[in-house]
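Working notes, beginning with the structure itself.
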Amino acid sequence: MPRKAIGLFVEDSAHDTIIREIVKRVSREHGVDVRIESAGMTGNVLHGHGNVLKEFRQYVGSLKSYGQKKHYDLLIVALDANCHGFNERFKEIREVSDAAAGYLNVEIVCAVPDPHIERWLLLDAEAFKQALGRGCEATTYKCERGRYKKLLRMAVFDALKMWPPLGGLEYSPKIIGAQNFERLRTEHKDFAEFINALYGKFREWMAEQ
């Protein structure tokens, strides 16, 4: 089966790093080769939810006007829920894709970490311990700007006794590789919505082989 192309619309480097690592793991688990790249016009880091939606609208608009110039087998659109909530952010993405249903001939998967994507690296204390030698504290939900960036950085420092240059994102491959996805998808709605949709698409691709 040819390699599948996946395009990303993401808010920042944390989104890009973590979403890519999750997709890579799911790809390995299903034996489906993928190419992951930015689908936006201005690169991977789009600096905020407004720019992600703007780029996504421009992309689907270009398909209507000029046809699909760049083909993807799947598009992933990621927005942090922030204090607006999971449902509102999910709806914002779907409103764009639903409006383009007549000419958007590619499936959309939404990733809406609630409230911020760094929290996804702190959901599984045992996986964190396997990756860095010491577990992290359970993360209670609280919508506070920068909270989970700080918690991730501190958890890495507590484990390694050194400040991570990239805020802990550099350990995403090890942490995500050790995470219990089956448990996380039963305990966290935001993670479940993304991973279930991703699993569904990869199973379709497996059936094509």
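Brief remarks follow.
- Yes/no for TYR171 being within 26 Å of ASN87 (Cα to Cα) and of a type in the set (Phe, Trp, Tyr): no
- Near pairs, Cβ below 7 angstrom, 6+ apart or cross-chain, from the range 138-161 (in contact (Cβ under 8 Å) with a residue 24 or more places away in the chain) to any residue that is assigned to a helix (DSSP H, G or I) and of a type in the set (Lys, Arg): TYR148/ARG119
- Residue pairs meeting the criteria (Cβ under 6 Å; at least 6 apart or on separate chains; first over 11 Å from VAL26 (Cβ atoms), in the range 187-199; second aromatic (Phe, Trp, Tyr) and part of a helix (DSSP H, G or I)): ASP190/PHE86
- Residue ID - farthest from ILE18 (Cα to Cα), chosen from residues in the range 183-209 that are loosely packed, with under 14 Cβ neighbours inside 10 Å and either in contact with a helix residue (DSSP H, G or I) (Cβ under 6 Å, 6 or more places away or on another chain) or among the hydrophobic types (A, V, I, L, M, F, W, C) (or both): ALA207
- Within the range 119-174, the set of residues being modelled with pLDDT of 95 or more, polar (S, T, N, Q) and more than 20 Å from the chain's Cα centre (by Cα) comprises GLN130 only.
- Yes/no for TYR59 being free of Cβ contacts under 8 Å to residues at least 60 places away in the same chain, surrounded by 18 or more Cβ atoms within 10 Å (Cβ to Cβ) and farther than 30 Å from TYR141 by Cβ: yes
- Identity of the residue in the range 151-182, out of contact with any helix residue (DSSP H, G or I) (no Cβ under 8 Å at 6 or more places or on another chain) and surrounded by 14 or more Cβ atoms within 10 Å (Cβ to Cβ), that ends up nearest to ALA78 (Cα to Cα): ARG153
The values are calculated or read from the model by the stated rules, or taken from the named source; none is laboratory data. Predicted, not measured: the structure shown is a model, and the values here were computed from it. For neighbour counting, all protein chains shown are included, and Cβ atoms are generated from backbone atoms with ideal geometry for every residue, glycine included.
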